[in-house]
Amino acid sequence: MILLLVGVSAGLALAYVFWGYGWKGVAGNDLSLHKTELSAAYSGFSSRVPAEVTGVILRGQEVDVLYDLYGKDYWACYIRTADGRFGWVLCTDLQD
């Protein structure tokens with residue numbers, strides 16, 4: 001019984017890591033794909049946080065939201081693009 005519970009738990013954890021929340025978002029505008037959540041949150045607003053942009057997501061491109069984090073004054077999403085790139089964007093810049 002314990003092995004069954006461990007197996008099911010491991011399977012669910014693996015599915016979560018692979019598929020994420022299951023939330024699909026669409027870029028409302030052209031977005032910068034950032035290396036860190038802080039870069040996504042503050043790069044345009046603070047000179048103390050360097051912009052660590054790793055790519056661009058074009059308007060209308062669908063992305064998978066793997067997980068999200070709330071900061072003091074931001075909501076950042078870690079995403080996977082259709083072509084396999086990973087990075088951070090502001091969740092408020094995504095549409096359902």
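Rule-based calculations on the coordinates, nothing more; no lab input. Here the structure is a predicted model, which is why all the values come from computation and not from measurement. Here the Cβ positions follow ideal geometry from the backbone for every residue, glycine too, while neighbour counts run over all protein chains shown.
Taking N as the number of residues in the range 23-95, what value does Rg over Cα atoms divided by 2.2 N^0.38 Å take?
Values: Rg = 11.1 Å, N = 73, 2.2 N^0.38 = 11.2 Å.
Against the empirical 2.2 N^0.38 Å value, I get 0.99 for the range 23-95.
Which FRET efficiency value, to the nearest 0.05, do you get for Asp83 and Ala51 by plugging their Cβ-Cβ distance into 1/(1 + (r/R0)^6) with R0 = 22 Å? Could the numbers behind the result be given before it?
Details: r = 22 Å, r/R0 = 0.99.
The computed FRET efficiency comes out at 0.50.
Put +1 on the Cβ of every Lys and Arg and -1 on every Asp and Glu Cβ in the range 23-95; which of Phe45, Val26, Tyr67 then has its Cα farthest towards the positive end of the dipole?
Value computed over the given set: Phe45.
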